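The structure appears below as structure tokens.
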Amino acid sequence: MRYLILLLSIFSLTGCLPEPLKPTVSVDKEMLLARDWNLAVLDLNYTAIEGKLSSGLTTSISAGPDAGQVIASLIASELSSLSNIKVVERGRIDHLIDEQQLQMTGIIDSESAVEIGKMLGADAVLVGNVTDYLSWSSLGLTGSTVSFSMRMIDIKSGQVVTSGSISRVENFTVAFQNAQKLAKRLIAEIGQQ
């Protein structure tokens, strides 16, 4: 009987969660579609939380210190499905960053990102931030929270071609699966704009 009550409580809690928010997207459609893009997708900035965070009945932990790289790879994969975007091979980017020792701090700003893009012969560079990449549990319910933002910057003009942000709390899902869904949804939204 206790398990039935707990199970019913969990299902009632999952029904109370808000619907996922629609991605916030801004696209300079004319600029995006005016040409084919050779795009360098850099790791998104991310600082993992240390240890566990507890708030009331919820305990959260970082789902991994490499969230910026994971989400950048997912975005690159989704962007390569757009007909006018060719993504620079990841190994070339890593080699250049290692060679130039540009990621000593782990954070690349827009200026250094544009310089990296120029060195790679890219037309644009994608940068961004991961604000949440967490696994959590609360009253026997588990899930993940993932939030990130990105900007595609034209190397020649410095203009933002497209930008977007998305966030989702999802039950019974690990952070990687949640991030996959978000990357797909964000890029689909960019393609529809």
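The values are calculated or read from the model by the stated rules, or taken from the named source; none is laboratory data. On a predicted model such as this, the values are computed, not experimentally measured, just so you know. Note that each Cβ is placed from the backbone with ideal geometry, even for glycine, and that neighbours are counted across all protein chains shown. For the accessible areas, the whole protein counts, side chains as well, though only heavy atoms, and no ligand, DNA or RNA atoms are used. Shrake-Rupley method; radii C 1.70, N 1.55, O 1.52, S 1.80 Å.
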**Fill in**
Net charge (Lys, Arg +1; Asp, Glu -1) of residues whose beta-carbon lies under 13 Å from that of K118, K118 excluded, is -3
**Between 0 and 90°, nearest 10: helix 175-192 axis offset from the chain longest Cα axis** = 50
**Complete:** Computed over segment 45-177, the convex hull of the Cα set has an average projected area, in nm², of 8.9
**Prompt:** How far apart, in nm, are the 7 Å Cα→Cβ label points at Q177 and D94?
**Reply:** 2.7
**Asked** What do you get when you divide the Cα radius of gyration of segment 22-105 by 2.2 N^0.38 Å, with N the number of residues?
**Response** 1.44
**Fill in**
Descending accessible area (1.4 Å probe), largest on the left, turns R90, R35 into R35, R90
**Item:** Protection-proxy order for peptides 79-87, 113-121, each taking the mean of Cβ atoms within 10 Å per residue, highest first
**Value:** 113-121, 79-87
**Request:** Apply 1/(1 + (r/R0)^6) to the Cβ-Cβ distance of R35 and Q101, taking R0 = 25 Å, and write down the FRET efficiency to the nearest 0.05.
**Result:** 0.20
**Whole-angstrom gap from segment 20-40 to segment 127-156, using each part's C-alpha centre** = 19
**Message:** Heavy atoms only, 1.4 Å probe, whole protein assembly: order V127, V160 by accessible area, highest first.
**Reply:** V160, V127
**Prompt:** Any idea what log10 I(q)/I(0) is at q = 0.12, 0.15, 0.21, 0.26 Å⁻¹ for segment 122-193, Debye with uniform C-alpha scatterers and no solvent?
**Reply:** -0.39, -0.56, -0.87, -1.10
**Fill in**
Between K156 and K86, Cβ-based FRET efficiency (R0 22 Å, step 0.05) works out to 0.85
**Request:** Would you calculate the separation in nanometres between label points at K52 and L139, each defined as 7 Å from the Cα along the Cα-to-beta-carbon direction?
**Result:** 1.9
